[in-house]
Amino acid sequence: MFRTFFRVLKFFLFPLSLLSLFRCGSGYKEKDGKVTYNGKEIDTSTMHGFVVLNDAFAKDSVQGYFREREISDSDGPTFQALDENYAKDKKNVFYCTKTRDSQTYFTTSSIYIQRLSSADPVSFAVLEYGYAKDKKRAYYEGKPFDITDPDSFSALNSNFSKDRIHAYYRCNPVAKSNGESFEVLDYDFAKDKNHIYYYGVHDEGEYDIHILDCDMASFTRIEQWYSKDKISAFYKTERIIGSDPGSFQKLNSEFSKDKSTVYYQTKPIKGADASTFHLLDDYYAKDTTAIFWTNILLQGADPSHFQILELGYATDGKKVFYNGKIIKGVDAASFKAYPHGVGDADAEDKHNKFYEGQIVKPE
């Protein structure tokens with residue numbers, strides 16, 4: 001029985017010949033009177049007036065084509081490509097894309113063609129980052145959404161767009177935003193004349209945007225999920241109560257400290273000495289007297305002999321730990337973790353094999 005890690009490893013070691021299927025798609029090409037799609041010649045003898053428009057779109061006197069697929073209900077004489085995904089004719093606007101299933105990503109793809117029934121072809125215009133608009137609404141990757149002022153609507157990046165009235169995050173209006181002054185600061189923060197915003201993945205994997213309850217005049221981005229104002233530091237949207245902004249520093253995405261306190265996310269780590277505290281990896285840390293896993297003090301761990309092993313394991317020569325918990329019944333002197341954890345076990349001592357900190361029982 002193979003574990004999840006082995007399946008992931010197989011994914012990354014997938015034959016390069018299959019990877020090339022994904023990379024080498026060159027689309028439509030026209031040269032010396034011949035038309036090819038991804039290097040294969042197309043018989044256009046029955047397609048009167050066939051014209052290549054770009055890598056993805058073509059047309060003849062009857063209809064348009066997306067990646068060799070006929071676009072039904074399209075009008076060939078007036079058909080035009082707007083970019084690699086959007087096209088239109090005198091009556092319709094189309095959004096076309098090539099999708100891949102996660103299970104057969106490198107071997108199977110599907111063509112998706114959608115007629116945008118609500119779109120106005122006369123006023124329809126393509127913007128950046130997958131956005132488009134017409135005289136009434138906006139679109140993102142073919143999906144319409146309502147906006148306040150189409151004339152001033154613009155795309156900022158794949159997450160944000162705005163008009164002169166509002167900003168929009170993932171196609172939804174940002175509450176209390178001022179579109180005219182709205183700007184994206186970096187991957188996690190944005191602002192307008194009234195507010196600082198934090199955005200990204202929150203609880204249960206949901207994307208959201210929140211107004212940060214901070215002093216705008218003294219607000220400073222630190223890095224990644226951290227920021228501060230004259231009162232304290234923040235972790236994502238939460239204020240780190242009692243933190244000293246002048247001495248505050250990020251250690252990694254979860255750990256931080258100031259001149260007197262160490263924090264895991266927003267919570268002080270009890271017993272940690274800020275002056276000597278430092279990280280051993282993404283989860284283990286130490287000071288002169290103690291070892292920590294996230295915000296947990298490892299009782300009895302010897303910091304002078306503590307070593308990080310592989311795959312969440314660590315030892316101080318007398319005890320072995322897995323993700324901050326002592327493994328009972330292990331022989332520390334002979335214990336070793338495997339470099340990659342492929343198969344039914346990821347570590348062993350002279351008596352047993354282990355997987356994720358548990359003894360593997362013989363089958």
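Some notes on this structure:
- Annotation note: GluC sites (Glu not before Pro) in region 195-245 located in DSSP loop regions with a Cβ neighbour count of at most 11 within 10 Å are E206.
- Exposure rule at most 15 other beta-carbon atoms within 10 Å, DSSP loop trypsin sites (Lys or Arg not before Pro): the chain longest free segment: 1-89
- The equivalent ellipsoid of region 226-297 has semi-axes of 20, 12, 10 Å, largest first, where each one is the square root of 5 times an eigenvalue of the Cα gyration tensor.
- Radius 14 Å from Cβ of K31, net charge of other residues (Lys, Arg +1; Asp, Glu -1): -1
- Under Stokes-Einstein, with the Kirkwood radius over Cα pairs as Rh, the value for region 149-257 at 4 °C and 1.567 mPa s is 89 µm²/s.
- Figure legend: label point modelled 7 angstrom from the Cα of N194 along Cα→Cβ; residues of region 159-176 with amide N under 12 Å from it are 165-167, 174-176.
- Inter-label distance for T294 and F145, nm, one decimal - labels placed 7 Å from Cα along Cα-to-Cβ: 3.2
- Modelled FRET efficiency - R0 35 Å, D273 with D213, Cβ distances, 0.05 increments: 0.70
- Pairs from K91/K136; K90/K162; K259/K325; K270/K336; K59/K136 whose Cα-Cα separation, in the structure shown, is over 19 Å: K90/K162; K259/K325; K270/K336; K59/K136
- Ordered by the count of other Cβ atoms within 10 Å of each Cβ, fewest first, M47, M216 give M216, M47.
- Rh (Kirkwood; distinct C-alpha pairs) - the chain, Å: 25.7
- Tail weight of P(r) past 19 Å, computed on alpha-carbon pairs of region 21-115, percent: 41
- Net length gained if the chain between H305 and S253 were fully extended (0.36 nm per residue, minus Cα distance): 16.1 nm
- Separation of the T220 and S109 label points, Cα + 7 Å toward Cβ, nm: 4.8
- Cα-based Rg / Dmax (Å) for region 251-363: 15.1, 53
- Length added when fully stretched, K136-E238, from 0.36 nm per residue minus Cα-Cα: 32.9 nm
No value in this document is a laboratory result; all are computed from the given coordinates. Since the model is a prediction, treat every value here as computed from it, not as a measurement. Note that each Cβ is placed from the backbone with ideal geometry, even for glycine, and that neighbours are counted across all protein chains shown.
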